[in-house]
There are 2 protein chains.
Amino acid sequence: MQNTNIEDMELGQRLRAVREQAGLSQRALAKRADVTNSTISLIESGKVNPSVGALRRILQGIPIGMSEFFAFEPEPEKTVFYAAEELTEIGKGGLSLKQVGGNLIGRQLMILLETYELNADTGRVMYGHEAEEGGIVISGRVEVTVGHERKILGPGDAYYFDSRSPHRFRQVGPEKCVLVSACTPPSF
Amino acid sequence: MQNTNIEDMELGQRLRAVREQAGLSQRALAKRADVTNSTISLIESGKVNPSVGALRRILQGIPIGMSEFFAFEPEPEKTVFYAAEELTEIGKGGLSLKQVGGNLIGRQLMILLETYELNADTGRVMYGHEAEEGGIVISGRVEVTVGHERKILGPGDAYYFDSRSPHRFRQVGPEKCVLVSACTPPSF
DNA sequence: TCTGCATGTTCAATATTCTCAACACAAAGT
DNA sequence: ACTTTGTGTTGAGAATATTGAACATGCAGA
């Protein structure tokens, strides 16, 4: 249906450039890549939208990696501003965790708006990876336990600790608790 | 024929991870990406080898770029050693330029084995981009002109200059001239 | 329990890629 | 001129990706 897609054109042109840079003919590359020369011809002239597998085999014959091959494509812009309702919900139960930016890939920082309903409790948590986290309570009260230390924090109070310490957050008092936290690096 | 390819598996698993990280269901992402949910399902379960176009549309819905998506794949190892006959020939006429590494992509340096047949002459050359180059004569004699300076170099003699200076190499004497040169960065 | 809704999966049909073979062209050797 | 060898391109058919609709499951709420 959609013949001669412009993006395929650019991809094909790039493949041709890369192949010629490597001093390989379509057939020579086809042999290395275990595809047919026609496949390469069709891709380079933008007549087809190759499969990932075919493209990967071809690039391995050059050789060049997928990531490097696509490095010429502009990365989509990461959003800078997020409306309140655009924050990604990743919590569950009585604990709401709204993450700034739905997608952590390539980011150095995870920022969360945490809402603890009455009696919400994270239970005892411990992350194996090296990270640090901290936060500030906005409203309500929460009992925070880190290692052997325990304290009840109210509006304006804050915390900061190494994520490898076992820790636990539990809502206390008559109203739900809201706090903002940050963690680095995100768990991947 | 080849069902459940292992590389497709990994690609699918990665897509699933990325999608879930973004907090999107298959259908939600499908809608943004203008593909069907089945496509995403099949890709994630490794049952198909998606087309580049389909994968790109899907990733745009997340959003994440192709290069970043494939960053998890190890880049193919750049070859370290090259047999004499593996050097890529990029010259023509009486001038032979054998390039170390057929493919300059991602490299900081271009290294050439240059062979000038009798009376071979590069003519006057000037590169617009910022670069420096130098070399050492192995055998034979060559007359090198850089800017207003001119000198005949023999075995063991060397040169080094800014590529933006107009320059010219011309074989002189009774035997062909061989030299090794290096240039940084390669012209891209 | 039932309904409604959201999730991911699977099937048959359609659209597309990929292959194999042939073609057209150019350069080099005889 | 005529091969020979190399290049990229182009059909028709086999192989495969993508679609659209149905299916299965789980979960929340009445």
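The values are calculated or read from the model by the stated rules, or taken from the named source; none is laboratory data. Just so it is clear, the model here is predicted, and its values are computed rather than measured. With ideal geometry, Cβ positions are generated from the backbone for all residues, glycine too; neighbour counts draw on all protein chains shown. Note: areas computed on protein heavy atoms with side chains; ligands, DNA, RNA excluded. Shrake-Rupley method; radii C 1.70, N 1.55, O 1.52, S 1.80 Å.
Per-structure values
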quantity	calculated
FRET E, pair A:Glu117, B:Glu75, Förster distance 51 Å, beta-carbon r, rounded to 0.05	0.60
Other-copy label distances relative to B:Leu95, 7 angstrom Cα-Cβ extension, nm	6.9
Inter-chain Cβ neighbour average for residues A:22-30, partner chain, 10 Å	2
Inter-copy label distances at A:Ala158 (7 Å, Cα→Cβ; nm, one decimal)	5.6
Accessible area in the full protein assembly, largest first, 1.4 Å probe, for A:Glu132, A:Glu44	A:Glu132, A:Glu44
Over 20 Å (Cα to Cα) - which of B:Lys98/B:Lys151; A:Lys47/B:Lys31; A:Lys151/A:Lys176; B:Lys151/B:Lys176 fall in this group	B:Lys98/B:Lys151; A:Lys47/B:Lys31
Cα gyration tensor shape of the stretch B:6-72, rounded if a/c is under 1.5, else prolate or oblate by comparing a/b with b/c	rounded
Average other protein chain Cβ within 10 Å of Cβ, residues B:52-61	4
Pseudo-label separations to other copies for A:Glu73 - Cα-to-Cβ vector, 7 Å, nm	1.2
Shielding of B:177-184 by partner chains, average beta-carbon count, 10 Å	0
